[in-house]
Amino acid sequence: MSAHRAEFHVTTMCRVLGVSTSGYYAWESREQSARARADVVLTERIVQIHEDSRQTYGSPRIHAELQDEGQRIGRKRVARLMRESSVAGVSRRRSFRTTRRDPGARPAPDLVDRQFTATKPNQLWVADITYIPTLAGFLFLAVVLDVWSRKIVGWAMSSRMATQLVLEALAMAVEQRRPAGGVVHHSDQGSQYTSTEFGRRCREAGVRPSMGSVGDCYDNAMCESFFATLECELLDRTQFANRAVAELAVFDFIEGFYNTRRRHSALGYLAPVTFERQARSAHRVTSSERLTPPPRSSPSRGRKKGPAPVLAALLTIAAPPLVPSRPRRHWRSSTHND
């Protein structure tokens, strides 16, 4: 009614809608409820979080951000306030084929079998290539992702989708993580990953290559999920004038947002760097507790210190009873006399 007062008379609208005129004016002059005032403040914070996330967060991640700030609020309330303020997440884009298989190459076996789980860092890496459209042509991005923390540990960009692209991404991952050996590197059967040079680099670094089947995106679903996030939250919302501008934007997204700040649903809505930091802290605490000896019990007051119970028992068993020192013949004679 308030929105249409310029068009219709209040009395007419009240009669049509079946409400009293006095009731309408009473509602209009009434102060906002405590919940309505709280919604206003909460909406301002939701909009700010959405802006800080580069306008990418939906209600689940905004809800997690508010919970970390100590606000007790339901996700449905967050979703309602987002709808009322026209705040929303982002959507996906159409796909483009980047896998070019070499029919003459021999692919590595599938060591993952769609089991994208890891219990420690540098146990399983997944890798793939995607494209970035610019007004000057395509820019290609190769990444290496650690399944344990979902962190991008290696990446490289180039105007050509060549073997050197994946070699640079692998080199960055090995340099940053320095795996002890035995880490599985899972990818598709693109010609870059089945090349002889890539296999040689894997052997030198102690990396075990693994490859999924042909034409099945589920065999590398975790890396595809990261690319969907990149495309949805950056590439679809930006038009790059040239490859240099695109490189800076992708670098900022990976190192300045995704690895360090973006909340991941599979990590309990923690950023990959935060997840790794908390895991290392928990490991140090557990190790220190394991190495700390149990506290020694102090003797009671007023009681003299003595040997430990086990030591006292051993002394009692080992020490024979004391016998008065007499000549052997005197002792025998006294026994005989008795």
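When Tyr25, Tyr269 are ordered from fewest to most other Cβ atoms inside 10 Å of their Cβ, what list results?
Fewest-to-most ranking of Tyr25, Tyr269: Tyr25, Tyr269.
Remark: Ile62, Ile132 ranked as Ile132, Ile62, counting other beta-carbon atoms within 10 Å and listing the fewest first. Take the Cβ-Cβ distance between Val214 and Gln239 as r, set R0 to 45 Å, and report the resulting FRET efficiency rounded to the nearest 0.05. E(calc), rounded to 0.05, equals 0.85.
Remark: the Glu44-Asp110 segment gains 18.9 nm on full extension, using 0.36 nm per residue and subtracting the alpha carbon distance.
Expected output is a single nm value to one decimal: the length gained when fully extending between Gln32 and Ile73, i.e. 0.36 nm times separation in residues minus the C-alpha distance. What is it? Numbers along the way, then the final one.
Working: separation 41, 0.36 × 41 = 14.76 nm, distance 1.96 nm.
Taking 0.36 nm per residue and subtracting the Cα distance, the gain is 12.8 nm.
Taking square-rooted eigenvalues a ≥ b ≥ c of the alpha carbon gyration tensor, is the range 124-279 rounded, prolate or oblate, where a/c under 1.5 means rounded and, failing that, a/b exceeding b/c means prolate?
Values: a/c = 1.60, a/b = 1.09, b/c = 1.46.
Verdict is oblate for the range 124-279.
Can you give the extra length, in nm with one decimal, that the chain gains between Ala249 and Thr21 once fully stretched, where that is 0.36 nm per residue apart less the Cα-Cα distance? Present the calculation step by step, with values, prior to reporting the outcome.
On the way: separation 228, 0.36 × 228 = 82.08 nm, distance 5.73 nm.
Contour length minus the Cα-Cα distance gives 76.3 nm.
FRET efficiency for the His283 to Ala136 pair, using the beta carbon distance and R₀ = 56 Å, is estimated at 0.75. If R0 is taken as 35 Å, the Cβ-Cβ distance between Glu197 and Ala228 corresponds to a FRET efficiency of 0.75. Exposure proxy ranking for Phe138, Phe116, based on other Cβ atoms within 10 angstrom of each Cβ and starting from the fewest, stands as Phe138, Phe116.
Every number in this text was worked out from the coordinates using simple rules, so none of it is lab data. The model shown is predicted, which means the values in this text are computed figures rather than measured ones. When we count neighbours, we look across all protein chains shown, and the Cβ atoms used for this are built from the backbone with ideal geometry, even at glycine.
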